[in-house]
Every structure is written in C-alpha cells, then in structure tokens.
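The values are calculated or read from the model by the stated rules, or taken from the named source; none is laboratory data. Not measured: the values here are computed from a predicted model. All Cβ positions, even for glycine, are placed from backbone atoms using ideal geometry, and neighbour counts span all protein chains on display. Note: areas computed on protein heavy atoms with side chains; ligands, DNA, RNA excluded. Shrake-Rupley method; radii C 1.70, N 1.55, O 1.52, S 1.80 Å.
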There are 2 protein chains.
Amino acid sequence: MARQGRLVRYLPPLAWGRAYDRVTLRHDVVSGLTVGVMIVPQSMAYAALAGLPPVVGLYAATVPLLVYALLGTSGQLAVGPVAISALLTASTVAPLADGDAARYITLAAVLALLVGGIQVALGLVRGGVLVNFLSHAVIVGFTSGAALLIGASQLDTALGVDVEGGQALPGTLAALAGALAGVNWPTFAVTAAGVAILVGVRRVARWVPSALVLVVVATAVSGVFGLDQLGVDTVGDVPAGLPSPSLPVVSGADLLGLLPGAVAIAIISYAEGISVAKALAARSRQRLDPDQELRAIGAANVSAGVFGGFPVAGGFSRSAVAAEAGARTPLSGAVAAGVVVLAVTALTPLLVDLPSAALAAIVLVAVVGLVDAKGARGIARTSPPEGVVLAITFAGTLLLGVELGLAGGVGASIVAFLWRSADPHIAELGRVEGATVLRNVRRWPVRLDPRVALLRVDGALYFASAMRIADAIRGLVADRPALEAVVLDASAISQLDASGAQELEHVAGELAEAGVALHLATVRGPVRDVLARIGPSGHLPEERRHATSEDAIAAVAGPDSPLLRPHPDEPAPEHIQ
Amino acid sequence: MARQGRLVRYLPPLAWGRAYDRVTLRHDVVSGLTVGVMIVPQSMAYAALAGLPPVVGLYAATVPLLVYALLGTSGQLAVGPVAISALLTASTVAPLADGDAARYITLAAVLALLVGGIQVALGLVRGGVLVNFLSHAVIVGFTSGAALLIGASQLDTALGVDVEGGQALPGTLAALAGALAGVNWPTFAVTAAGVAILVGVRRVARWVPSALVLVVVATAVSGVFGLDQLGVDTVGDVPAGLPSPSLPVVSGADLLGLLPGAVAIAIISYAEGISVAKALAARSRQRLDPDQELRAIGAANVSAGVFGGFPVAGGFSRSAVAAEAGARTPLSGAVAAGVVVLAVTALTPLLVDLPSAALAAIVLVAVVGLVDAKGARGIARTSPPEGVVLAITFAGTLLLGVELGLAGGVGASIVAFLWRSADPHIAELGRVEGATVLRNVRRWPVRLDPRVALLRVDGALYFASAMRIADAIRGLVADRPALEAVVLDASAISQLDASGAQELEHVAGELAEAGVALHLATVRGPVRDVLARIGPSGHLPEERRHATSEDAIAAVAGPDSPLLRPHPDEPAPEHIQ
C-alpha cells in the first residue's frame, strides 16, 4: 500500500471512495441490511442491560454508525451497543443516578461523551498501544466473569421480579434469592419461550435473524393476548423519531464519578473492536490504521452522547456477520444505520407491547457465548501462571465488580510477566558427544571444557534479572577452580539496561580479580548499541566480544577445546537448545 | 563447593569453623579492631541522625554484630547502624513519637523488631529476589536524594539551632531558613573544625580512624574549655553498660504506622548489604547464600530491637575497610562488637562533653560520598529512559519524602521496562550484497527475496508485544504482493506466553487465508516448551519449524533464494545484526 497523505489518513473515504463501484455497493447494501435487522433488537436489549429504555439503544445505533462510516478504516466492523460496554455503563451510572430515570439517561449520554473524548485523545497521541496491556488471560477471565454478571443482572427482568442488584455477583444473587417468591410466571414463560425461539431458529436456519423473529413474535403475542394484564412488563410508549442533538450537562462531581468507568469502557470497547477488525482485515489482506480506528470509534461515541445514546463499540458477532454477508467498506454500516432510522421513525408504536423479558432472553443467549471455558483451559495448560492471572481476573470481576476485576487482572498479568522476566532461562552449553551441536548440559549428555564455560541467557538483562544472571556466572566460577574464561552467548539477550550493563561490568571485574576472563558472543544490535553508548569498558574490552560462541571459544581455549568440533574437517557446531 | 547439609546452611560457623586456624584468627582480630574503632563514632552519629540518643547507636553495634557473626555467610560484611536506614528510621518514627523522647526510643526498637521479622520471613520463603526490583537508576536516584535529605536534617545540629524539620527537603529548608538568625556560632565552629579534621586526617594518613580522632579531640576541647557554657549542645550523661534485653511494646495502631517504613528499611538495608557482600565475596572466590544473609541480618535486627537499638544493616564503607584490613570470617564482626562493648561499659562517662555538632560533622562528611552525580550521568547516557526514572526517584525523594520517592521510582522503572518490552526491536534480514551474512535491511545494503521475508524479533513474545509483532508480520504481507512465506527467526525470542502463542496462531491463520505460509526458525528451549504444551497447531505445524533460518529459507524458496549463499561452495550465511 502506498504512503498515504495526511488528509486521507484522517478521512478514509478519500481512499476507499476512489475505487468504489457497483459491485462493492451491492455487497455493502446486502451486508448493511443484514446487520441492520440484527442490530435493531440487539441494541434495544443492550440498552435494557445498561439500565436504559430500549429506545436509547436504537438512538445509539443511528448517527454513531454514520460517523464511523465516515471516519473508520474497517470495511467489516459493525459499530453499535455491545454487551460488555452496556454492563460497564450500568455499573458506572447506576450508583450516581440514585434511581432517577431521567438523570440516568443524561449520565449515560455524558459517559458516551467522556468515552469518546478519551478515545479521540488517545488516538491523537497514538495511545492505542494501551490495549496491548490487556493479555488474553485477562480478556478471557474478564469477559467470562462479566458474562456471568450480565446474565445474573438479567434474571430479575427474566423472572419478572423487582430487585436492587449489587455491583458484583454475591449482592445480585442475594437480592434475587430474597425476591424468588414473587416470580411472575407469565414473564418467566416469555423468557423461556424467547430462549427456545432464539436457539431453535439458529439451529434450523442459521441465516434467519433470530432476534428479530423473537421481537416480532413476542410483540404480536403480547399485544393479542394482553400479556401486560398478567403482570408482564413491556417496553411501553416510546417517542417516535430521533432526538435532536444536545449537549448533556452534569456537575463536575458527576464527571469525576463517571471517569474511572469511562476509562475502562474506552479501552475495553476499543480492544474488542480492534481485535475483530484486525482479524477480518487480515483475511482480506487489507490494512487497518489502529490510531484512526481509535479516533473513529471515539467520534462515534461523542455523537452517541450528543444524540441521546450511550457508549458504543465494534461488536464481535455482528462484525463477523457483516464480513460473511460480504461487507466491503464502512458504507455498509451507513446502510445498517438506515434500517435503524426506519425502525425508530416508523415502528416505535409497535414496541408498546414488546415484553422486556424478550430482550432479556436476547441478552441471556448472547452472553452464553462469552463464557470461554475452552479458552481458559487452553491458557492454563499453555502457561500455568497465566491460568492464575485468568482466575484472579475472573474471580475479581465476579466478586468485586468489573472495574476492580479488570484492574486486578492487569496488575496480576504485569506482575507475572515481571516475575518470569526477572528469572530468565540460563543454560550452560556443551558439545553433544560425537556430534557438533552445542546444547543445554542439563538436557543432554555433553562434553565440557574445564577451562571455558559457555553460558546462554534467554531474556532481557535488566535490573530485575541482572543479579540472577550475575549470580549464575559467579556460581560457575565458584564451582570450577580450573576455569579461565566464561563465554556469555548473548544471542537471546534482547535488551540491556543501565543496571544490567553495570552488573555485567561488575561481575567481569570480580571475575578478573579471580583470574577469570568474561567474553561476550553474538551480541544483538540493540544490546550492542547500549554497550557502545557506555563507551570503552575496562573488563569487557572490544577484543572480548566475538561474532559467535565458536569464535569466542577458539580465541580463549584454542581450536582443540572439547567444546569445538572433534575434527577440523567436520562442520562447525551449532547450538539449538 | 560441595552440597551443604541443612544444618550447615542455617548455621554457617559449622562450615567456616572447620578450616579456622591461627592465621585466619590474626586476620579477623586485626580487621575487627580496625572496624571497631570506626564503628564507635559512626554508630553514635547515625543514632543522632535517626533522632535517637547517640548511645542507642552503640547498643545497636553490640549484640546484633554477634548475632550476625553466628548466622552470616559473608566474612567481610560489617553490620551496624548505617546512614540511609537511620534516615528512614527518623522519617518513620518521628511522626508517631509526637516529641516524646522515651516513646521515640521504644518505637525505634519496635521498628528494628519489625524490620528483622520481615527479613527473616522473606529469607525463609526465598524472598531475597525482591531487592532485584530496585534498579541501579532507582538506587542512585534514591541514595543521592536521601543523602541530601540527611545533610539537610543535620544542619540544625550543625548550626546549633532548634527547628522542627519536615519529612522532605522543602519543609526542612523552610524551617531552617526561619531559624537562621539564631545560629550558635561556637556550635558552627565545632562543625566546621570537625569537617576539617575528618577531611584533613583522611588526606594526610588514610589509615588513621579520622572519626575517632575527631570524637577524642572534640570531647577533650569541649571538656577543657567548657563549650556547653557557650551554648554548644553535648551528648550529656549516658548510662554505662548494656541495657538488659526486653521486648518493647506498642499499640496495634503504632505497629501499623511503622509497617510501611519497616518494609522499606527491610528491603533497602538488605539490598545495600547484599550488594557489597557479593562484590567482596566474588573478589575472594567465596560463595554467599543470599537467603541466609537475609535471615542473618533479620536476626541481627530482631536482637537490635530486643537490646534497645534501632535498625542495622551491612555498611558500604565499613565493609570495604574490613575487607582491606583482611577480614576472613564473620568472627571479625564479633571482635568489632567487643570494641564497642568496651566503649559502652568503660568510656561512656567521657561522652558527657562530646559536642553533638561533632557527630553531625561525621554524618555530613559521610553523606557527601552518597551523592553519585557521575553514576547518574552514566545511567542517563547509557539509557535515557532510565535517566528519567532516576530523575523521578531523586526528585520524588527530595520533594515527597523517602518512602514515596522510592515507591515512585520502583513504579517508574517497571513502567519503563514494560514500555520497552512492549515494543521489541524487529529487524527484517537480508543477505549482504556479495557476502554471506544476513543483516538488518535498515542498516545495510542487502538482497531480498520477493517470495520470502525473514524477520527477527528481539524480545519476549507476550501479551504487551504480541500485537506489535503480529502487526509487523501483517504489514510485510500487505506491502509485498508476491510474498509466499514469512520466516520468523525466533533466536532472540526469550519468552512466549499464552497471548503471544494465540496471536502467533491467529496471524498464521490470517496469512494462510491470504496464501502466505508462516515458518519459525531457531526456536529456543523455553519457547519450544510452550509450543509443545499447546499441542499440534493448525497453522504452525511441526514441519514449519526449522533449526535455522537458512534451513527455513531453503525449505521454502529452494537453495537458489537470493537470501542464501550466492554460490554453493561459499560458506553458509550467518546473521549477526
């Protein structure tokens, strides 16, 4: 892809618009209509999950989609309300709203503004890298925990009981347990039938928009049989048409209260969107601009705040549907927005009879897919410490709530990484008996040279690992009285900091006093740059740095060293382990 | 060194005692006497720095030295009061003591108990590695800042004014500025003369114990001329003999208040001692047990608490003196303790006339050596981000106090390391024109193969770096339409976590859909272990993993690839950069 101009970078339609043709348009329209009929019921369900009137979800699925179509670089990403952001919205706004429904809506809109502002700001300073600090273990643990929280938070609507749920699982379940006697059975029947319809339709005909089918059927049944008379809660009267744009205003204290949640939503929703967008782009050999994506979703969130919506993001399942339906450019999202605008302006009178439990059923079925037990098992098997990180994140999310669970998970994953980096794999290498390869003495029967030891360090030589590495060298020297030289194979030392350099110089000096020379071999570019900046070294002069371990051994112990080839005409040893 | 028994590990005299002879004894006695005459004035000065009566310093330099002699593994480490721990003691105890001198002494003793308890506990769980997280940048910045704080805290004693100093530099200086009108000039004269004596004696005859000379001269002059009549503060009456052992008792709230300071002292004082002990041990090809060292210094601190002292550590300058005076075993410290016991029992009556300003002069001269501007410049030049960490630690210590400065420095150094690790050096390699080495395309004119790209990643492939590395691979594929394969040279990938493995599998899958094969070469043992635990991979099967990059290129593009040797009889390419 050619180097792009500045304007094109900030206004992607200038790039994809030039090659736009009728074939592309047909694909975008078909996929846009497909996503549109999917997004109408989903956005209402996620608004309800966020504690908002379902129509707010529809508002959030109109202008923000058009804004993203103008600024986004992914042809497949389907923007709109998503489950995790909705849950985070509820947990952020509910404690501040104090049960005031109007205030709740205003706070949710301000939250979208804040999220958008943070995302645009991060996008302007190339801050998208922050999402890299969410490890897979944290994402799987958090998403699974949040899915259970979401499910639990929908049980009151699903059962037709009225409870004040807590921010975390124990509170929510305790509140539910106390209200179980008051279950409204017709509501429960709607939920059960709804789940059955969603699962059944998907099994029988995968391409039928099951949520739309459920909404139509549930609304019709509810209207015909007057379910609201049986105590089934319905969506009720909804104003037709889009709200006019306005800037929601709250106090400074409210802004401060919304900030932690806004930061969490800004980062998590971007992470969810960018990961799916990247996967879909790579499949079609397209290239994404992660920072422009951040600015685009940020602008979409700002517009969600101005048009009475709540935080939006690129959704996982919807985007996959868009890609499979052939979406080519962000225009596909604009077509989906058209479908939602139609629904808002023409169909809202029909929503009067839509049972809330039907929306709860949509959420319940959606979150089942978010609990990723297989992924969790895979992570725990691949890397047990990360299994612990995952467990901490999962348990923290369930027991302490989404923000604390996420923060604890990120902290734990950083500690786990530091812990491992502080204790790098260090292998002494010897020559495999009768062969020419150099391998770990602990794994293979090898020949050693009593005068020279060859040590390979796999990892960064930095403040936390420097002492361990130096101790390994000191230990070798203490254990082998005949040792004259230690060769440090630096081929896997990726990083050297001032502490590492100083410790290396220290240990070289100590070895020199004990009559042992320290040599370096296969020093990588970034490490060599650091050594060059330090300047001439007393104990590690230039002539003690060698291109390869073999060069170093030959220089120190001569060509007859047992660490080198048994016969001069055999090929040079290579070290793999 | 042979594998040691369990008992010997916990009671090192069983090891060094067996080879003990008259020569060793002579060395230990000479060095012990040398350190003893040095430690008497120093420990009084550091006690004064800690805000305690000077005799408390003497108490801290008796039994704890014997305990260390019994449990320590370093023959050269000279335990006793040290400057930084004294400063931390003052900053921890002063806010809790509320100006009550007796309470101050009790709290300092409890602090020593707490420090000792923490160190013993860490030593039992092999927690000594914690000190590795103090980078050189943090240590230099913290020590330099603390030295300035110490110097400032001594100015009131040095000038003979009475002020309530703050925890940080601005408060201390502001308090001093307000009291400058009341300077006691005879006191200032004692300080100035004291500094002159210390510097002068050291210049003229390096082996004369300058602090002892100063204490003797100052006491004599003060007694003969009655300096206390001129407003010069003196040490005053001191009870002769050692205090009997007792367990100091404070409230739970006080314990909690002492805890942060105790943690800081436990880690910092151990770090100071172990680094000097290691350097001295390596010089004589001895081996230290860092965890037993932690238990030994911990037990010494517990005894300091029981015998009315305050936190002790292995001192930097004293240990160097001990080593140069020929110390061989921890028995040397027991001899030094004997000197101090003699001073406590026989010489305390003479201390009545010792001017406090003479002790302040000892501290002032000692801390000058702690400000390490040269080390700071070296670190900033070697690694600019670490220069920033150093500046943060230094400024934080001066402006916010020792605990916050240290915590901020550790946090900053971890963030700096993560930031660099998250963005590893990634080099595409090509063959140098006319030669056989593979080098970075950005640094050298090289040949490439349009069908195969060779990428080397220098660093851990983990959650924070995985996306960047995957994006580099995606970028290559997007930029080169003719590409059929990407070879990832993993020789410098030291670590792979579940996120990295998943991202690698993802990007391999995306490449496969775009018709590009991803191959791995030179995978290190720890990384291979992780791949093995994941099990068979769909997009990275065993046959796509190669021993060397050359094998991979030959397998993918055949022996005629421009990345391989120009003629078959030339040696194989090697890659260094």
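Applying the Karplus relation 6.51 cos²θ - 1.76 cosθ + 1.60 with θ = phi - 60° to region A:221-237 yields 3J(HN,Hα) values of 4, 4, x, 5, 9, x, 4, 4, 5, 8, x, 7, 5, 10, 5, x, 4 Hz, where x marks Gly and Pro. Along the axis of the charge dipole computed for region B:227-323 (Cβ charges of +1 for Lys and Arg, -1 for Asp and Glu, origin at the Cα centre), the listed residues B:G236, B:A266, B:F310 are led at the positive end by B:A266. Residues of region A:119-154 that lose at least 40 Å² of accessible area (1.4 Å probe, protein heavy atoms only) when the other protein chains are present, relative to their chain alone, are A:V129, A:N132, A:F133, A:H136.
Taken over the alpha carbons of the protein assembly as shown as equal point scatterers, the Debye sum produces base-10 log I(q)/I(0) values at 0.05, 0.06, 0.09 Å⁻¹ of -0.45, -0.63, -1.11. For chain B, the mean residue ellipticity at 222 nm estimated from helices alone is -19500 deg cm²/dmol, where every DSSP H run of n ≥ 4 contributes -39500 (n - 2.57) and the total is divided by all residues, rounded to the nearest 500. Once both axes come from the Cα atoms, what is the angle between helix A:252-283 and the longest principal axis of chain A, in degrees from 0 to 90, rounded to 10? That works out to roughly 70 degrees.
Kindly provide the Kirkwood hydrodynamic radius of region B:483-571 in Å, to one decimal, from all pairs of distinct alpha carbon atoms. Numbers along the way, then the final one.
Numbers: mean 1/r = 0.0726 Å⁻¹.
The Cα-based Kirkwood calculation yields 13.8 Å.
In chain B, the longest principal axis of the Cα atoms and the axis of helix B:525-534 are about 60 degrees apart.
Under a point-charge model restricted to the Cβ atoms of Lys and Arg (+1) and Asp and Glu (-1), what is the dipole moment magnitude of region B:426-502 relative to its Cα centre, in debye to the nearest 20?
Working: 10 positive and 9 negative charges, 47 e Å.
Roughly 220 debye for region B:426-502.
Round to a whole number: what % of the accessible area of region A:427-577 belongs to carbon and sulfur, probe 1.4 Å? Of all accessible area on region A:427-577, carbon and sulfur atoms account for 53 percent. Counting Cβ atoms of other protein chains within 10 Å of each Cβ in B:464-472 and taking the mean gives 4. Computed from Cα atoms alone, the Kirkwood hydrodynamic radius reported for region A:188-293 is 18.9 Å. Ordering A:W444, A:H425, A:G411 by Cα displacement along the dipole of region A:393-450 toward the positive end leaves A:W444 in first place; charges were set at the Cβ atoms of Lys, Arg (+1) and Asp, Glu (-1). Near A:V110: Cβ cut-off under 11 Å, other residues only, Lys/Arg at +1 and Asp/Glu at -1. The net charge is 0.
Highest mean packing comes first when the peptides B:16-23, B:420-427, B:445-452 are listed by Cβ atoms within 10 Å, giving B:420-427, B:445-452, B:16-23.
Partner shielding of A:481-492 amounts to 2, given as the average count of beta-carbon atoms from other chains within 10 Å of each residue beta-carbon.
Summing charges over neighbours of B:T234, with a neighbour being any other residue whose Cβ is under 13 Å away from its Cβ, gives -4 when K and R count +1 and D and E count -1.
Counting Cβ atoms of other protein chains within 10 Å of each Cβ in A:523-536 and taking the mean gives 4.
On a 0 to 90 degree scale, rounded to 10, what angle separates helix A:169-179 from the longest Cα axis of chain A? With rounding to tens, the tilt is 30 degrees.
Taking the highest mean first, how do the peptides A:481-492, B:178-189 order by number of other beta carbon atoms within 10 angstrom per residue?
Order by mean packing, descending: A:481-492, B:178-189.
Where does region B:1-154 land on Rg/Rh, using Cα atoms and the Kirkwood Rh?
Values: Rg = 18.0 Å, Rh = 17.8 Å.
That ratio is 1.01, to two decimals.
For region A:355-403, the fraction of 1.4 Å probe accessible surface lying on carbon and sulfur atoms is 74 percent.
Quick check: convex hull of the Cα atoms in region B:82-148, volume per residue, rounded to a whole Å³? If you can, show how the numbers build up before the last one.
Details: hull volume 6.6 nm³, N = 67.
Per-residue hull volume (Cα only) is 98 Å³.
Using a simple charge model, +1 on the beta-carbon of Lys and Arg, -1 on the beta-carbon of Asp and Glu, nothing else, what dipole does region A:145-260 show about its Cα centre, in debye to the nearest 20? Let's see the in-between values first.
Numbers: 3 positive and 7 negative charges, 130 e Å.
For this selection, approximately 620 debye.
For A:S135, neighbours were defined as the other residues whose beta-carbon sits under 11 Å from its Cβ, and their charges (Lys and Arg +1, Asp and Glu -1) total -3.
I'm checking a number: the convex hull volume of the Cα atoms of chain B, normalised per residue, in Å³. What is it? Write out the running numbers ahead of the final one.
Details: hull volume 118.2 nm³, N = 577.
Hull volume over Cα atoms, normalised by residue count, gives 205 Å³.
Computed about its Cα centre, the charge dipole of chain A is approximately 1540 debye, with only Lys, Arg, Asp and Glu carrying charge at their Cβ.
Taking the charge dipole of region B:76-230 about its Cα centre, with +1 at Lys and Arg Cβ atoms and -1 at Asp and Glu Cβ atoms, the residue from B:G116, B:G178, B:Q154 reaching farthest to the positive side is B:G116.
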